[in-house]
Amino acid sequence: MTTESQVQSLDQFARWGFTLENPDNHVVELLHEGELVARFSQSGATKESLQKECAQHLVIEHGWGFAGRPCCACKETITGDDTKASAIMLQKKAKWDYPTWGNGLDGIGGRAIALVCGKCLEQNRQPEYALKLNGDDWTDPKDIELVPLAGLEDAG
Ligand SMILES: [Zn+2]
């Protein structure tokens with residue numbers, strides 16, 4: 001895949017500030033407003049993998065659509081007016097692809113992410129679950145699974 005067609009494969013994400021860079025012939029870097037989001041091999045930078053990283057970045061880092069997703073501490077659904085809801089980067093190894101953080105940036109691989117509602121954050125309540133996406137659709141609650149942290153390996 002050429003860089004130009006990779007850029008085209010970003011579709012609407014290109015309008016939302018995502019760009020691609022080729023630091024060398026083997027690597028494709030996805031950036032958002034100049035900040036490194038993910039690093040791919042040339043063959044790994046498919047339209048699907050690029051757009052999934054873009055969507056995940058907007059949801060996790062920029063709070064797009066926490067609403068309707070479960071809080072990983074109290075399991076209540078996070079409401080649209082909960083402006084304090086946050087994503088927490090866990091030091092646990094994820095056995096799934098999305099959502100995770102640290103992909104390829106340090107060579108260690110994906111780690112799990114928890115979403116916590118504003119109320120739990122205020123009460124300093126710790127997440128007991130990690131968020132796992134089973135399908136492709138961030139907006140479908142059926143695709144979202146809560147995985148108990150107790151069953152996950154620590155990331156060293
Ligand atoms: Zn909560």
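The values are calculated or read from the model by the stated rules, or taken from the named source; none is laboratory data. The structure presented is a predicted model; accordingly, all values stated were derived computationally and were not measured. For neighbour counting, all protein chains shown are included, and Cβ atoms are generated from backbone atoms with ideal geometry for every residue, glycine included.
Can you find a residue that is more than 16 Å from the ligand (Cβ to nearest atom) and in contact (Cβ under 8 Å) with a residue 40 or more places away in the chain anywhere in segment 20-33? The answer is no, given that none of the residues of segment 20-33 is more than 16 Å from the ligand (Cβ to nearest atom) and in contact (Cβ under 8 Å) with a residue 40 or more places away in the chain.
Conditions tested, residue by residue: (1) within 11 Å of the ligand (Cβ to nearest atom); (2) out of contact with any Gly (no Cβ under 8 Å at 6 or more places or on another chain); (3) not assigned by TED's automatic domain parsing to the domain that holds P141.
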| position | (1), (2), (3) |
| --- | --- |
| K47 | no, yes, yes |
| E53 | no, yes, yes |
| H57 | no, yes, yes |
| K75 | yes, yes, yes |
| K92 | no, yes, no |
| W96 | no, no, no |
| G102 | no, no, no |
| C117 | yes, yes, no |
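Evaluated against (1) modelled with pLDDT of 95 or more; (2) basic (K, R); (3) surrounded by fewer than 12 Cβ atoms within 10 Å (Cβ to Cβ), R125 falls short on exactly one condition, (3).
Out of the strands (runs of 3 or more DSSP E) lying entirely within segment 1-92, which hold 2 or more residues that are acidic (D, E), loosely packed, with under 13 Cβ neighbours inside 10 Å and modelled with pLDDT of 90 or more?
On the way: elements: 18-24, 27-32, 35-41.
Answer list for segment 1-92: none.
Checking each residue in segment 59-98 for being aromatic (F, W, Y) and farther than 24 Å from E153 by Cα picks out W64, F66.
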